[in-house]
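Here's the structure we're looking at; comments come further down.
The values are calculated or read from the model by the stated rules, or taken from the named source; none is laboratory data. Owing to the predicted nature of the structure, the values given are computational and were not obtained by experimental measurement. Please note: Cβ atoms are built from the backbone with ideal geometry, for glycine as well, and neighbour counts cover all protein chains shown. Surface areas here come from the heavy atoms of the whole protein model, side chains and all, with no ligands, DNA or RNA. Shrake-Rupley method; radii C 1.70, N 1.55, O 1.52, S 1.80 Å.
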Amino acid sequence: MSSRTSDVLVIGGGIIGLVTAWRAAQRGLATTVVDPGPGGGAARVAAGMLAAVTELHYGEETLLALNLESARRYPDFAAELTELTGHGLGYRRCGTLAVALDADDRAHLRELHALQQRSGLESEWLSGRECRRLEPMLAPGVRGGLRVDGDHQIDPRRLATALVTACERAGVVFHRSWAERLDVARDRATGVTTADGTALGAAQVVLAGGSLSGRLAGVPDDVLPPVRPVKGQVLRLTVPRRYAPFLSRTVRAMVRGSHVYLVPRENGELVVGATSEELGWDTTVTAGGVYELLRDAHELVPGITELPLTETLAGLRPGSPDNAPLLGPSGLDGLLLATGHYRNGVLLTPVTGDVMAELLVGGELPEQARPFTPKRFGAALMEQPA
Ligand SMILES: Cc1cc2nc3c(=O)[nH]c(=O)nc-3n(C[C@H](O)[C@H](O)[C@H](O)COP(=O)(O)OP(=O)(O)OC[C@H]3O[C@@H](n4cnc5c(N)ncnc54)[C@H](O)[C@@H]3O)c2cc1C
């Protein structure tokens with residue numbers, strides 16, 4: 001068995017592990033990432049909406065503060081990453097239009113608008129006609145909508161690729177293998193043993209394994225994060241040049257109770273998503289999933305049936321019991337968590353990198369991240385999903 005040590009070992013090279021490693025290395029820590037395919041994970045599937053305002057849900061006001069803080073950091077974060085790596089990220093400050101097609105959906109959207117106003121957020125109610133003036137491809141049946149100019153988008157695949165490059169440039173070492181088990185000595189995490197038989201030692205270990213975070217062998221039961229996989233199916237279509245601009249901003253709606261969104265990228269890609277399914281580790285793309293997304297998207301924007309369908313994919317969101325991430329020390333010395341980002345991981349990437357680096361360097365979780373300590377779940381940590 002070979003061995004190597006570093007200051008920080010990050011388990012998982014999805015966008016959360018990568019941003020943590022990049023920021024830690026920038027602060028002078030010798031950092032290793034263990035992952036068989038860094039830059040993969042849920043970001044290969046995700047739509048990349050940066051939607052603090054339109055993703056607001058009842059009971060998630062604490063999460064809202066973190067989401068807004070990350071959205072605020074996005075312009076500088078994206079500019080820094082692009083300057084360092086030369087990679088464009090498809091960051092578009094295009095805004096979002098959330099629309100309603102029937103009376104029930106309209107009532108739901110009105111409630112969301114009221115909640116947004118109570119939370120001091122900027123959004124404007126528009127009539128159906130005003131919505132169609134902004135987005136002429138919308139169905140004539142649209143009965144009203146919310147214009148949210150502050151909700152933007154990024155291309156998560158380009159973000160992941162840029163983060164790998166940024167890590168390499170900052171001196172992060174990639175160990176391309178699975179972490180098979182956490183190594184613990186005298187009640188302290190000391191590193192991992194990998195599937196290829198390497199012992200990777202570190203002063204601090206960060207578990208950023210996405211939906212797999214609750215499954216790592218060797219982590220004591222009362223420390224394993226209560227993270228579960230939530231499946232999402234997504235379609236990618238292409239807007240031929242002759243149809244451009246098909247949509248000029250993200251359009252989303254609740255159609256008979258299920259959410260659908262269309263995210264138009266600069267490069268002509270149109271992402272349509274997403275299902276939300278509690279089906280364990282299954283990532284099958286199903287006829288039913290594709291049918292429902294196309295049916296709902298077609299009701300919203302009938303012209304999409306003309307577009308080439310270029311890709312269908314399913315991925316797993318790392319869900320947590322309160323839909324908010326777990327950031328900070330676990331109950332085991334030397335083991336920190338950065339996981340459970342659920343449906344906002346792309347949005348939360350900048351703030352996660354910053355708060356995790358601060359914790360790794362200074363030993364303190366910054367103020368804005370304290371509500372997200374893994375310790376908030378207490379006994380719930382013991383109740384792992386099967
Ligand atoms: C359909 C869908 C749509 C989404 N849309 C949006 C959106 O519009 N906006 C938004 O903000 N977010 C969105 N998300 C959520 C976002 O993609 C996730 O929250 C985010 O990508 C999670 O990143 P992560 O790094 O924590 O986990 P992951 O991306 O799951 O990465 C975890 C990594 O850890 C590795 N790993 C796990 N266990 C081990 C181990 N034992 N050893 C070594 N490596 C390991 C895996 O190989 C993987 O590469 C969406 C997600 C999905 C699925």
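Here are some conditions: (1) in a strand (DSSP E or B); (2) surrounded by fewer than 16 Cβ atoms within 10 Å (Cβ to Cβ); (3) of a type in the set (Gly, Ala, Ser). ALA253 meets all but one. Which one does it not meet?
That leaves (2) as the condition not met.
If only one of GLY88, GLY37, GLY17 is open to solvent by 10 Å² or more (accessible area, probe 1.4 Å), within 16 Å of the ligand (Cβ to nearest atom), modelled with pLDDT of 95 or more and not hydrophobic (A, V, I, L, M, F, W, C), which one is it? Spell out how you get there, then give the answer.
Working: GLY88 fails: within 16 Å of the ligand (Cβ to nearest atom); GLY17 fails: open to solvent by 10 Å² or more (accessible area, probe 1.4 Å).
GLY37 is the lone residue from the list that is open to solvent by 10 Å² or more (accessible area, probe 1.4 Å), within 16 Å of the ligand (Cβ to nearest atom), modelled with pLDDT of 95 or more and not hydrophobic (A, V, I, L, M, F, W, C).
Looking at (1) within 12 Å of the ligand (Cβ to nearest atom); (2) at pLDDT 95 or above, find the lone condition where TYR291 falls short.
(1)
Could you say whether any residue in region 47-70 is open to solvent by less than 50 Å² (accessible area, probe 1.4 Å), at pLDDT 95 or above and touching a Gly at 6+ places or on another chain (Cβ under 7 Å)?
yes
Condition first: farther than 21 Å from ALA51 by Cβ and in contact with a helix residue (DSSP H, G or I) (Cβ under 6 Å, 6 or more places away or on another chain). Can you find one or more residues in region 280-293 that meet it?
no
Among the residues of region 125-148, is any under 25 Å from the mean Cα position of the chain (by Cα) and within 16 Å of the ligand (Cβ to nearest atom)?
yes
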